[in-house]
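The values are calculated or read from the model by the stated rules, or taken from the named source; none is laboratory data. These numbers were taken from a predicted model, which means no experiment stands behind them. Cβ sites come from the backbone with ideal geometry, for glycine too, and all protein chains shown count toward neighbours.
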Amino acid sequence: MRRIALLGSTSHIAKGIIAGLANDPNYSLYCFSRQTGFDSFNDEDYDVVVNCIGTRLLNKQNPFYTTWFTVTEEFDNLIINYLLQHSKDTIYINFSSGAVYGSLSGPATCSSHLNLNPNHLNLSDLHLISKLNAEAKHRCFSSLNIIDIRLFGYFSRHINLNEKYFMSEVINSCKTNTTLEVSPDSWVKDYTSPEDILRIVKYCEPMNLAVDVGSLLPANKFGILDYFKDDYGLTYEIKDNVDKENGTGKRNYYCTLNVSPLPLFKPTHTSLETIKTEAACLL
């Protein structure tokens with residue numbers, strides 16, 4: 001039986017992992033969150049530790065961005081200390097972000113220039129740096145099995161519909177039969193399926209590296225909108241100056257061409273297939 005510790009068990013990604021493992025007799029799951037506390041984390045021996053602890057991607061009117069550094073560091077150190085004290089054979093899966101590549105006009109291949117002027121802080125750059133810091137530290141612990149999973153997008157039936165992000169607003173507009181206001185700019189984005197995330201957790205092997213994880217094919221903004229228009233009666237209106245919350249910065253191509261070197265992992269769904277399947281459970 002594979003013993004898996006899940007930190008941040010109330011998060012969007014964690015809920016999908018819990019649902020996928022709950023009835024599988026081959027896995028024993030230990031869940032930790034702010035509600036349960038983390039005091040007993042060091043009391044057990046785990047085969048895999050999964051870090052789903054996240055911090056809000058926020059707007060300038062709600063500045064909690066310091067937690068990108070403090071909270072990330074706190075729990076990352078908790079897990080690394082566990083590996084050093086208990087077993088270096090334990091695999092640590094950390095959910096990172098495609099944000100490490102900076103603001104992109106094309107596929108993820110390199111980082112952009114960072115704006116660190118204290119008078120003109122770019123919040124998306126701060127988010128990028130917090131992820132880069134964590135990944136750099138993990139590569140320094142080369143004797144430990146730490147896998148950084150760079151996600152570019154994720155959507156599931158467990159999404160928090162109170163968050164003001166694109167897919168939650170699309171679902172809410174369909175539910176309430178209200179018109180969704182969108183900006184005229186388009187983008188292409190990758191949405192990894194819950195099933196593919198679950199397969200990474202189940203079948204990960206000892207290694208130390210960062211990998212880009214995505215779908216078989218990304219989706220474009222107006223292709224998503226038109227799907228919901230055709231299948232669920234969504235109405236949307238294109239307007240200038242529609243400012244959506246986006247902590248990773250505005251990008252017109254948020255996906256990667258890098259092939260994941262993870263053994264046994266090949267994506268099984270396109271982004272639009274994932275959106276259709278998961279949205280059907282919500283609508």
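Annotations
- Here S96 fulfils each of the conditions (1) of a type in the set (S, T, N, Q); (2) surrounded by fewer than 22 Cβ atoms within 10 Å (Cβ to Cβ); (3) at pLDDT 65 or above apart from (2).
- Residues that are part of a helix (DSSP H, G or I) and under 24 Å from L83 (Cα atoms), drawn from the range 184-228: I197, L198, R199, I200, V201, K202, Y203
- T109 meets the conditions (1) modelled with pLDDT of 90 or more; (2) in contact with a helix residue (DSSP H, G or I) (Cβ under 8 Å, 6 or more places away or on another chain); (3) loosely packed, with under 14 Cβ neighbours inside 10 Å in every case but one. The failed one is (1).
- Residue pairs meeting the criteria (Cβ under 7 Å; at least 6 apart or on separate chains; first under 17 Å from F155 (Cβ atoms), in the range 5-33; second among the aromatic types (F, W, Y)): H12/Y154; I13/F95; I13/Y154
Residues are listed down the side, and each one gets a yes or a no for (1) buried (at least 22 other Cβ atoms within 10 Å of the Cβ); (2) assigned to a loop (DSSP other than H, G, I, E, B); (3) touching a strand residue (DSSP E or B) at 6+ places or on another chain (Cβ under 9 Å):
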| site | (1), (2), (3) |
| --- | --- |
| N133 | no, no, no |
| A136 | no, no, no |
| S143 | no, yes, no |
| D148 | yes, no, yes |
| R157 | no, yes, no |
| N162 | no, yes, no |
| V170 | yes, no, yes |
| S173 | no, no, yes |
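- Within the range 175-193, the set of residues being among the polar types (S, T, N, Q) and either buried (at least 21 other Cβ atoms within 10 Å of the Cβ) or at pLDDT 95 or above (or both) comprises T176, N177, T178, T179, T192, S193.
- Of all residues in the range 197-213, none are crowded, with 22+ Cβ neighbours inside 10 Å and closer than 30 Å to K239 by Cβ.
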